[in-house]
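The structure appears right after this line, and notes come after that.
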Amino acid sequence: PVTRAAFEEALRLYPPAPSINRAAISDDSWTDAKGERVDIHAGMTVLIMPWTLHRHELYWEKPRAYMPERFLPENRGKIGRFQFLPFGAGPRVCIGATFA
């Protein structure tokens, strides 16, 4: 568990994918923390930047620090499903995720 935690923390700080790009399949909207609404239209390209997500102060305590204990089994439950995306998520997750 300690080795895996160290590896996953390294992937959090240095994700292998610079961006995850998807095309919206239907119209949607997103509202940020300030209440500003963003309309997303069908066909629009949406980019998710793991580097930014993995270092966001809203989601991580001391986001720039190397703290493998975040990924120890007793702490895994604190990490949201889409908070840690070094290989993407869902049906289009990178096929190298299990290999890595």
*How about the stretch 1-11: which of its residues are outside any loop (DSSP other than H, G, I, E, B), surrounded by 11 or more Cβ atoms within 10 Å (Cβ to Cβ) and either at positive phi or not aliphatic (A, V, I, L, M) (or both)?*
Arg4, Phe7, Glu8, Glu9
_Enumeration of residues in the stretch 16-37 that are within 20 Å of the chain's Cα centre (by Cα) and among the hydrophobic types (A, V, I, L, M, F, W, C)_ = Ala17, Ile20, Ala23, Ala24, Trp30, Ala33
*Give the residue that is farthest from Arg55 (Cα to Cα), with candidates limited to residues of the stretch 74-98 that are of a type outside the set (Gly, Ala, Ser) and outside any loop (DSSP other than H, G, I, E, B).*
Pro91
*Among the residues of the stretch 15-57, write down those that are touching a strand residue (DSSP E or B) at 6+ places or on another chain (Cβ under 7 Å) and of a type in the set (Ser, Thr, Tyr).*
Ser19, Ser29, Thr31, Thr45
*Unmet requirement for Arg92, which otherwise passes all of (1) modelled with pLDDT under 95; (2) surrounded by 12 or more Cβ atoms within 10 Å (Cβ to Cβ)*: (2)
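The values are calculated or read from the model by the stated rules, or taken from the named source; none is laboratory data. Everything numeric here is computed off the predicted structure, so don't read it as measured data. Cβ: placed from backbone, ideal geometry, glycine included. Neighbour counts: every protein chain shown.
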